[in-house]
């Protein structure tokens, strides 16, 4: 019985992230519009967009290969698996030991690998420019992320997110190194999700664009899958920050029904606050030139590195 | 863990008696296979008049011999064969003889070498048919295989060095197979110089370890008591000797020249396998023969490894020649192996046996992984070369349409080499990260400061490897063809494809059930650091747990299954509920589709941002702009200047001095007989004076 229950909770987690992801996107758009004194699209607009895209025909470029057609599913699957492994409402899920935080980072890297390849498949200048910039950013964002993982793992003594979350719940303390890791993670999250100041999710046809340039040739259901994957990735990062740095409300392993509900509700509250903070930051800062971004990401890397170094010097930092 | 000692499971019936008879000893089988390889090498020139027959015979026999060696070594490694006992042949130095044996360390590397050799032979059965000068390749190929196996089988310094030199010279001959190209002749020259230098360093290292009474057999060499300064010096010599063969920065300069110059199956062997023989030589000397390590050794090894990994991949990302790009990526991966070895040394000197076992297993695992995916990638490069005659990726493009099968396998190799789950490259790097996370307990401050930097370098090189292979694959295989050769490429033969499929299958297997490899390497870890990793049973845990359950775990198989299930789910949902229509149209490209493939992003433009960000530090690169004076209608020019710093700082001055000295000495060739006689006399007097002072 317990096994079936655990499996059900794990399944619920997978569905939960999938359903929640477009909502987070809707929240950010709504908040942003309100801050700019606009009414903004309805909260559920991302769902409608997805439904519309799914119903539309795919217009495929003439020389698109099989890789172009399979890449959206690969990207989506890798992102979904990664997002399902980050605790949202409960820790200690059935398959939480499948992959630790380093593996989650690498899963996202797999998704990016295929996205960049898909960008290059048609053979246009835009796809190439997007892929090239994405890989440049990744070359700094990924080590920064790993350094941040090091900090968290050295503090908590584990790279398993469930253990980290439970550790943070029971050993609440303010640490310099964790602060550095938080800043590093926020910068990485901004870059990885193509948010301002690194990229602008609301624009097309700007030479500054990165993510949008790679998916330029996609349409119909392929685009829907890719957009959903992007939304999942944003949710993943917000959930990650919430799970490591504000783990309160997470249902402990083998808990009953009501802690799970509490966990889900607190998680909703957390991502609402997360969306607000993200939008607040985005509206108060200008987009950077492409070649300023490596400096920003380099500073994230250095912060993560410094945090790790401090913990190597003394565990009490 | 004591019950999992060396050959603990050898108690299989009959194992002991066969060893007594001495006929079925694994080492005898292995030596027999090596003898077959040497015989093939000798016979090949006789048959090379008829390449249509000689090619399949030579590669087929070599492949079979390698397969026998592989099976023997694997059975020995897993403990199914009794490996005790040495074979002493009356060859070599008369009072020493040639010693051969198989212990867990050599069994592991025999597995790596002969797996690579067997698949390369299979590939060559197809690929070798396109060879223009088979008589320049066929005799040396089996000799090369024999040399590599001899190095690993030998149990005394003399046969080790003979095997090493055999391997170097045979591979040199293969590098020079296409000697009509100027570039290859230069590669051959640089390789010969570096290989001789490396062998000299190893000779000195073994000489120091053998001591004044000349103990050459490894069995006795390991137990000698030595002066305290000596092991450090041996480490430096081993780094110079084995490191130059493996491609450690700054001794790597020959590698990106020589590896691509050889025919592709040989490139795969040189990059994937011969560098592992070098790693074996280093491990044998430093972990086994020289005695207890000192903590600063680990800092040197780790630091060089990190430098090698980062510089290797930065070079790779700017390279346009597909095979040279792969060679630079080999430099990177060797750096990762050395990072693992350095960590293992650090833990071993501080008596942290568990972490040491983790680090050394990770290093061995990565060595195996690299031999798998580098072989695959070089086979792919060879297939591209066969199909288009091009190595320059700027002239390729769109090959995924023309070579769909090869493109799929190379994509798999690119995923594996970029350390992405669920394939194998990720597992070994993940294990090294886990080892790094155990290192705050190291007592030395220098290591405490160094290890995080090494971790950052490892993460950085992994991310850059991803960028490098997106670029290589994206430019060569995706997009539109940039040349007529690429537009008319034809899929390669079935044997080449089978070899690639085999390697990709092994990459996947090692990625989703890494516990098999970890368990197989446990006896090696015991031999090297006196401890092994906890056993990693496939069921019921399905995941690898390097230290303890709560600390970290990773299950490649579950990740793979989840990816399959979730992509299956979404494909099903999409095809159930979504529009199924596909319309083909011209690329949108923001409304300005351009028919010319020249408008695509090129490899150089892809690498430009990375060059601009990291180039000034790594290569001292800058852009030279030349603007015509006002009124001059000639075009402005941009030139990217990129320095190969190790070459310019280290090698160019030395080679300049050597050639100047050689020019001076050149006059000695044209003296009169009187002058020669007086020179001889002076030399004689000089030597006698030396002897007089010595005595």
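State the number of residues belonging to the range B:514-544 that are assigned to a loop (DSSP other than H, G, I, E, B), away from chain A (no Cβ under 14 Å) and within 23 Å of residue B:416 (Cα to Cα). Quick ask: steps written out before the conclusion?
The first filter runs over the range B:514-544 and keeps only residues assigned to a loop (DSSP other than H, G, I, E, B), leaving B:521, B:530-543.
Now narrow it down to the ones that are away from chain A (no Cβ under 14 Å): B:521, B:530-535, B:537-539.
Subsequent filtering for residues that are within 23 Å of residue B:416 (Cα to Cα) retains B:521, B:538.
Matching residues across the range B:514-544 total 2.
Among the residues of the range B:623-638, write down those that are within 29 Å of residue B:610 (Cα to Cα) and either in contact (Cβ under 8 Å) with a residue 40 or more places away in the chain or part of a loop (DSSP other than H, G, I, E, B) (or both).
Residues of the range B:623-638 that are within 29 Å of residue B:610 (Cα to Cα), as a first pass: B:623-628, B:635-638.
Result: B:627, B:628, B:635, B:636.
Quick check on this structure: which one of A:138, A:82 is over 18 Å from residue A:245 (Cβ atoms), surrounded by 24 or more Cβ atoms within 10 Å (Cβ to Cβ) and more than 7 Å from every other protein chain (Cβ to nearest Cβ)?
Numbers: A:138 fails: more than 7 Å from every other protein chain (Cβ to nearest Cβ).
A:82 is the lone residue from the list that is over 18 Å from residue A:245 (Cβ atoms), surrounded by 24 or more Cβ atoms within 10 Å (Cβ to Cβ) and more than 7 Å from every other protein chain (Cβ to nearest Cβ).
Look at the range A:100-132 and say how many of its residues are under 18 Å from the mean Cα position of the chain (by Cα) and facing chain B (nearest Cβ under 7 Å). Quick ask: steps written out before the conclusion?
Here is the first cut: in the range A:100-132, the ones under 18 Å from the mean Cα position of the chain (by Cα) are A:100-116.
In the following step, the residues that additionally are facing chain B (nearest Cβ under 7 Å) were identified as A:100, A:102-103, A:106-107, A:109-110, A:113, A:116.
Of the residues in the range A:100-132, 9 are under 18 Å from the mean Cα position of the chain (by Cα) and facing chain B (nearest Cβ under 7 Å).
Those residues that are part of a helix (DSSP H, G or I) and either facing chain B (nearest Cβ under 7 Å) or under 15 Å from residue A:112 (Cβ atoms) (or both), I need them from the range A:59-78; list them, please.
A:67, A:71, A:72, A:73, A:74, A:75, A:76, A:77, A:78
Out of everything in the range B:401-421 that is under 22 Å from the mean Cα position of the chain (by Cα) and within 10 Å of chain A (Cβ to nearest Cβ), what residue ends up being surrounded by the fewest Cβ atoms within 10 Å (Cβ to Cβ)?
My answer is B:411.
All but one of (1) at pLDDT below 90; (2) surrounded by 14 or more Cβ atoms within 10 Å (Cβ to Cβ); (3) in contact with a helix residue (DSSP H, G or I) (Cβ under 7 Å, 6 or more places away or on another chain) hold for residue B:53, so report the exception by its number.
Condition not satisfied by residue B:53: (2).
Conditions: (1) under 22 Å from residue B:106 (Cα atoms); (2) modelled with pLDDT of 90 or more; (3) surrounded by fewer than 22 Cβ atoms within 10 Å (Cβ to Cβ). Residue B:530 meets all but one. Number of the miss?
(2)
Which count do you get for residues in the range B:545-574 that are buried (at least 18 other Cβ atoms within 10 Å of the Cβ) and at the interface with chain A (Cβ under 7 Å from one of its Cβ atoms)?
Count: 13.
Test each condition in (1) part of a helix (DSSP H, G or I); (2) touching a strand residue (DSSP E or B) at 6+ places or on another chain (Cβ under 9 Å); (3) away from chain A (no Cβ under 14 Å) for residue B:655 and report the one that comes out false.
Unmet for residue B:655, out of (1) part of a helix (DSSP H, G or I); (2) touching a strand residue (DSSP E or B) at 6+ places or on another chain (Cβ under 9 Å); (3) away from chain A (no Cβ under 14 Å): (2).
With respect to residue A:268, determine if the residue is away from chain B (no Cβ under 14 Å), under 21 Å from the mean Cα position of the chain (by Cα) and assigned to a helix (DSSP H, G or I). So that I can check it myself, show each step before the final result.
Details: away from chain B (no Cβ under 14 Å): yes; under 21 Å from the mean Cα position of the chain (by Cα): yes; assigned to a helix (DSSP H, G or I): yes.
It is true that residue A:268 is away from chain B (no Cβ under 14 Å), under 21 Å from the mean Cα position of the chain (by Cα) and assigned to a helix (DSSP H, G or I).
If you check every pair at least six apart or on different chains, which have Cβ atoms under 8 Å apart with a residue in the range A:81-102 that is free of Cβ contacts under 8 Å to residues at least 60 places away in the same chain first and a residue that is assigned to a loop (DSSP other than H, G, I, E, B) and surrounded by fewer than 24 Cβ atoms within 10 Å (Cβ to Cβ) second?
A:98/B:543
Restricting the search to the range A:273-298, which residues are within 14 Å of chain B (Cβ to nearest Cβ) and within 20 Å of the chain's Cα centre (by Cα)?
Residues satisfying the conditions are A:293, A:294, A:296, A:297, A:298.
Criterion first (within 7 Å of chain A (Cβ to nearest Cβ), in contact (Cβ under 8 Å) with a residue 40 or more places away in the chain and closer than 30 Å to residue B:350 by Cβ) does residue B:426 satisfy it?
Working: within 7 Å of chain A (Cβ to nearest Cβ): yes; in contact (Cβ under 8 Å) with a residue 40 or more places away in the chain: yes; closer than 30 Å to residue B:350 by Cβ: yes.
Yes: the conditions hold for residue B:426.
Considering each of A:210, A:172 in turn, give the residue that is over 30 Å from residue B:438 (Cβ atoms) and either surrounded by fewer than 24 Cβ atoms within 10 Å (Cβ to Cβ) or in contact with a helix residue (DSSP H, G or I) (Cβ under 7 Å, 6 or more places away or on another chain) (or both). Show your work before the answer.
Details: A:172 fails: over 30 Å from residue B:438 (Cβ atoms).
Checking each option against the conditions leaves just A:210.
Give B:501, B:465, B:472 a once-over and let me know the one that is part of a helix (DSSP H, G or I), at pLDDT 95 or above and surrounded by fewer than 24 Cβ atoms within 10 Å (Cβ to Cβ). It would help to see each step written out before you state the result.
Details: B:465 fails: surrounded by fewer than 24 Cβ atoms within 10 Å (Cβ to Cβ); B:472 fails: surrounded by fewer than 24 Cβ atoms within 10 Å (Cβ to Cβ).
Every option except B:501 fails the conditions.
Go through (1) modelled with pLDDT of 90 or more; (2) more than 26 Å from residue B:349 (Cα to Cα) for residue B:208 and report which single condition fails.
Here residue B:208 meets the rest and fails (2).
Just one of (1) at the interface with chain A (Cβ under 7 Å from one of its Cβ atoms); (2) in contact (Cβ under 8 Å) with a residue 60 or more places away in the chain; (3) surrounded by fewer than 14 Cβ atoms within 10 Å (Cβ to Cβ) trips up residue B:581, so point out which.
Failed condition: (2).
The values are calculated or read from the model by the stated rules, or taken from the named source; none is laboratory data. Keep in mind it's a predicted model, so treat the numbers as computed, not measured. Neighbour counts run over all protein chains shown; Cβ positions are idealised from the backbone, glycine included.
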